[in-house]
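Each remark here refers to the structure printed beneath this line.
The values are calculated or read from the model by the stated rules, or taken from the named source; none is laboratory data. None of the values given here were measured: they were computed from a predicted structure. Here Cβ is always computed from backbone atoms with ideal geometry, including for glycine, and neighbour counts include all displayed protein chains. The protein model used for the area step is the full one, side chains on, heavy atoms only, and it has no ligands, DNA or RNA in it. Shrake-Rupley method; radii C 1.70, N 1.55, O 1.52, S 1.80 Å.
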Amino acid sequence: MTVLAHGVGSRIDLPLPLGLALYGAGAAILLSFAVLLLFWRQPRLNRPASGVALPAGLQRVLDGGGTRLTLQALALAAAALVTAVAVAGPRDTAHNLAPWVLYVTFWVGLVPASLLLGPVWRIANPLRLLHRGLRAVLPPPPGAGRLPALGLWPAAVSLLVFLFLELVYPDRAEPTTVAVFLIGYAAVHLALAAWFGEDWFAAGDGFEVYSSVIARLAPWGRRDDGRLALRNPLVNATVAPVDRGLVAVVVVLLGSTAFDGLSRTVFWQTGPGAANDSLSGTAGLLTMIALVGTLYVLGARLSGRLAGQPEGVQPRRYAGTLIPIAIGYTVAHYFSLFLLDGQTTWILASNPFGVAGVDLFGTYGNVVDLRAVSLDAIALVQVGAIVTGHVVGVTLAHERALLSARRARASDQLPLVIVMVMFTLGGLGLLFGF
């Protein structure tokens, strides 16, 4: 067992042999590819009308303005409380609620919430509520017509800023840093929404886009008739639009997670990252993002060229196939952090301002239970998440090739599959601290 520092808290790594995990993972990816070639010869997932529709009354409640208003108001109250605690609560990170909420409960918790429930932050985003309140005194947004051309590129930048804070900035866990980030993030995005209109949040708010991207693999989706329906998550991923800038968003997520793993290796800690400063951390973060992006673009372009697709469209066409891989990496890296150090949020919530004698829920004297999840369970989830993410990615890439290629041959998809195998082996190696 190895316990390593994160933005806050710790992460417990794999107690399994590296070689066994690598051989097994690589074999699983290649075997799934072979099975797809043999038994999946026609598109099966491009069914935008599929799914069991929710009752009309329930859909009216879920889509109603009252539901969104309530959720956004609750989220705004929670954000205001966390910001107030960051400003006026205990000065040490161990006893201040704000860093634990931001880096563990909110950031990591968005993944299971979005996978299970859909794009929850698009519905509950409190910045949307603040923007609607400001619209009464704002002129019409002058840049609204320019927003579609930007695609999701602004969200990629927004996520990169947060990931720099979480993974690189030396004082990231200080309550003052959290307060400055939360206030600055809100101010910047409200100003941009005033210029581009409310649609800015769906394109530029990194947290909202992150939630929406993950929700492409949720069991809930909207059919082509507008009805909310329960359906195969792979169908949701297939019929979701391939937005401009989606590649950048997913590559930032993958590259940052790869850097998170790299920063825990002996190679990094005794070599390029020995200084433990912002300069080396920034260089490492950008290098890993560039490496992941280069490998993906090369694999996608070569696969597209072999399949006879128009030059230049391949990376965007296959962008959705990276989403399950990004989710797999995220689950593998944050699973133990969420279940173990995530307990700190609920302990500190009982006395958010650290006032003597206050214990609202009777939990303030509790300590983190490190036995809440076993090492074997952590190992299985971490390896399983990475392998499952890549198997699903290979499946979606195969479906995309069948939908878009003038001919479908095994050799057409092989370059992209090789890149995915490299991601699998590299991700597991970094997870082990190899």
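Residues in the stretch 47-77 that are within 24 Å of Thr238 (Cα to Cα), open to solvent by less than 80 Å² (accessible area, probe 1.4 Å) and not in a helix (DSSP H, G or I): Pro48, Ala49, Ser50, Gly51, Ala53, Leu54.
Looking at Ala113, Ala98, just one residue is farther than 22 Å from Arg244 by Cα, open to solvent by less than 20 Å² (accessible area, probe 1.4 Å) and either among the small types (Gly, Ala, Ser) or outside any helix (DSSP H, G or I) (or both), and that residue is Ala98.
Scan Val180, Val101 and give me the residue that is under 27 Å from Gly281 (Cβ atoms) and touching a residue at least 24 places away in the same chain (Cβ under 8 Å).
Result: Val101 is the single residue among Val180, Val101 that is under 27 Å from Gly281 (Cβ atoms) and touching a residue at least 24 places away in the same chain (Cβ under 8 Å).
Against the numbered list (1) open to solvent by 60 Å² or more (accessible area, probe 1.4 Å); (2) at pLDDT 95 or above; (3) over 20 Å from the mean Cα position of the chain (by Cα), Trp153 comes up short only at (3).
Rundown of residues vs (1) closer than 30 Å to Val367 by Cα; (2) within 17 Å of the chain's Cα centre (by Cα); (3) open to solvent by less than 10 Å² (accessible area, probe 1.4 Å), yes/no style:
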site	(1), (2), (3)
Leu254	no, yes, yes
Ala258	no, yes, no
Thr270	no, no, no
Ser280	no, no, no
Leu291	no, no, no
Leu306	no, no, no
Gly320	no, yes, no
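Does the stretch 234-248 contain at least one residue that is in contact with a helix residue (DSSP H, G or I) (Cβ under 8 Å, 6 or more places away or on another chain), over 30 Å from Gln59 (Cβ atoms) and open to solvent by 20 Å² or more (accessible area, probe 1.4 Å)? Checked against the condition, which is being in contact with a helix residue (DSSP H, G or I) (Cβ under 8 Å, 6 or more places away or on another chain), over 30 Å from Gln59 (Cβ atoms) and open to solvent by 20 Å² or more (accessible area, probe 1.4 Å), the stretch 234-248 yields at least one hit. Taken as a whole, the structure places Ala21 among residues that are at pLDDT below 85, within 30 Å of Phe162 (Cβ to Cβ) and part of a helix (DSSP H, G or I). Applying a threshold of 7 Å to beta carbon distances and a minimum spacing of six or more residues, or different chains, the list of pairs starting in the stretch 120-137 at a residue that is in contact (Cβ under 8 Å) with a residue 12 or more places away in the chain and ending at one that is buried (at least 19 other Cβ atoms within 10 Å of the Cβ) and outside any helix (DSSP H, G or I) reads Asn125/Asp205; Leu127/Asp205.
Need a quick list: helices (runs of 4 or more DSSP H) entirely within the stretch 193-300 having at least 1 residues that are under 30 Å from Val137 (Cα atoms) and not aliphatic (A, V, I, L, M).
Numbers: elements: 200-204, 206-214, 233-239, 246-262, 266-270.
Those helices (runs of 4 or more DSSP H) span 200-204, 206-214.
Rundown of residues vs (1) farther than 24 Å from Val85 by Cα; (2) of a type in the set (S, T, N, Q); (3) surrounded by 18 or more Cβ atoms within 10 Å (Cβ to Cβ), yes/no style:
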{"site": "Pro175", "(1), (2), (3)": "no, no, yes"}
{"site": "Ile183", "(1), (2), (3)": "no, no, no"}
{"site": "His189", "(1), (2), (3)": "no, no, yes"}
{"site": "Ala193", "(1), (2), (3)": "yes, no, yes"}
{"site": "Gly197", "(1), (2), (3)": "yes, no, yes"}
{"site": "Val213", "(1), (2), (3)": "yes, no, yes"}
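Listed by position, the helices (runs of 4 or more DSSP H) inside the stretch 306-377 whose residues that are over 30 Å from Leu396 (Cα atoms) and touching a residue at least 60 places away in the same chain (Cβ under 8 Å) number at least 3 are 343-348.
When the test is whether a residue is closer than 30 Å to Gly226 by Cα, aliphatic (A, V, I, L, M), open to solvent by 10 Å² or more (accessible area, probe 1.4 Å) and more than 22 Å from the chain's Cα centre (by Cα), Leu81 does not pass it.
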